Amino acid sequence: MAPSLENLLVVGVASSALFDLSASDAVFTAEGEQAYRAYQEAHLDDPFAPGVAFPFLRRLLGLNALGPLVEVIVLSRNSPDTGLRILRSAAHHGLAITRAIFTEGRAPHEFMPALNMSLFLSANEDDVRKATLAGMPAGQVLTSSFQDDDDPALRIAFDFDGVLADDASERIYQSGGLDQFQRHEATNVVTPLDPGPLRNFLAGINRIQRHAEDRVRVSVVTARSAPAHERAVNSLKAWGLTVNDAFFLGGLKKGPILDVLKPHVFFDDQRGHLISTVPCVHVPFGVSNEVDRADHGTRND
């Protein structure tokens, strides 16, 4: 009997994040739906090449060798018939993905609560933004030149504000500047921030680490610096969560740190901090995704 989804870390992935669909998308754009349907049927036995999220999800699913820990479910705007190639491609690449939802154009994020999902990944910016506006944890995967390595560990990196925590402190920064932000964080150092969109996803990763501590490494890479770093640490403790590494960069660029860490996925709420050499996910949550950045500063977080 399959384990209940409530006992697993459940991640939803659009086919656009899992596989390289550029050729299929070109057919749809240039020739329309009927040509797209014919193209998929003609290429049913031709597996898609891996996409940006593939290395991360392959390693995540690999943790199931230690027991039933993870479920990855395809959420696709394809119709059931045009979606057949997706699961065949997953099987070809050795991905243990058995569940899929094909919605034929309907917004797939609507089904996330029913499936107990802690994360939805897609290359479709509109789908991700709609999911985020609906209060669901979602991120847009961006193009990357990342080449996977032979290290068996899964490496995950998170920004803090607007990703693990809510955007309350970022709002203080953007309205009052750095000095007011630092004073506010020092005054509220023992008051945990409210959780952000990926807090529950980290909780699921922590559960996995109890079974496979040496197989998963989690880092926080944030522009916070002393004294504001203490509130971030205290918030994680209050939520009952842990990370292996924390980088409090005080506004330094994140790229050089990420190039050393080489995470299989890095989540940040600000596109300006996402680089092409590692698989990055934009989480379009909070004030940093509401303001016009040409007119408002950001704290490089």
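The values are calculated or read from the model by the stated rules, or taken from the named source; none is laboratory data. Every value quoted in this text rests on a predicted model; they were computed, and no experiment measured them. FYI the Cβ positions are ideal-geometry reconstructions off the backbone, even for glycines, and counts take in every protein chain you see. SASA here: full protein model, heavy atoms, side chains in, ligands and nucleic acids out. Shrake-Rupley method; radii C 1.70, N 1.55, O 1.52, S 1.80 Å.
Please verify whether residue 159 is crowded, with 19+ Cβ neighbours inside 10 Å and of a type in the set (D, E, K, R), treating the condition exactly as stated. Considered against the rule, which asks whether it is crowded, with 19+ Cβ neighbours inside 10 Å and of a type in the set (D, E, K, R), residue 159 comes out as yes.
Considering the stretch 233-257, and only residues there that are under 20 Å from the mean Cα position of the chain (by Cα) and within 13 Å of residue 157 (Cβ to Cβ), the residue that is surrounded by the most Cβ atoms within 10 Å (Cβ to Cβ) turns out to be 254.
The residue that is modelled with the lowest pLDDT, among those in the stretch 273-287 that are closer than 23 Å to residue 263 by Cα and not β-branched (Val, Ile, Thr), is 273. Can you spot a residue in the stretch 258-265 that is in contact (Cβ under 8 Å) with a residue 40 or more places away in the chain, crowded, with 22+ Cβ neighbours inside 10 Å and not in a loop (DSSP other than H, G, I, E, B)? So far as the stretch 258-265 goes, yes, one or more of its residues are in contact (Cβ under 8 Å) with a residue 40 or more places away in the chain, crowded, with 22+ Cβ neighbours inside 10 Å and not in a loop (DSSP other than H, G, I, E, B). Can you find even one residue in the stretch 142-149 that is assigned to a strand (DSSP E or B), under 18 Å from the mean Cα position of the chain (by Cα) and of a type in the set (A, V, I, L, M)? Within the stretch 142-149 (the criterion being assigned to a strand (DSSP E or B), under 18 Å from the mean Cα position of the chain (by Cα) and of a type in the set (A, V, I, L, M)), the answer is no, since none of the residues qualifies. Per the listing 131, 123, 96, the residue uniquely open to solvent by 60 Å² or more (accessible area, probe 1.4 Å) and either in contact with a strand residue (DSSP E or B) (Cβ under 7 Å, 6 or more places away or on another chain) or not aromatic (Phe, Trp, Tyr) (or both) is 96.
Listed conditions (1) open to solvent by 60 Å² or more (accessible area, probe 1.4 Å); (2) over 30 Å from residue 218 (Cα atoms); (3) not aromatic (Phe, Trp, Tyr) are all met by residue 37, apart from (1).
Only residues that are touching a His at 6+ places or on another chain (Cβ under 8 Å) and open to solvent by 20 Å² or more (accessible area, probe 1.4 Å) were counted across the stretch 273-289, and they come to 1. For first residues located in the stretch 130-148 and within 16 Å of residue 270 (Cα to Cα), partners that are assigned to a loop (DSSP other than H, G, I, E, B) and of a type in the set (Gly, Ala, Ser) and lie 6+ apart or on another chain with Cβ distances below 7 Å form the pairs 137/118; 140/123; 141/53; 141/123; 143/276.
Within the stretch 210-232, if we keep just the residues that are outside any helix (DSSP H, G or I), within 22 Å of residue 162 (Cβ to Cβ) and of a type in the set (A, V, I, L, M, F, W, C), the residue that is most open to solvent (accessible area, probe 1.4 Å) turns out to be 226.
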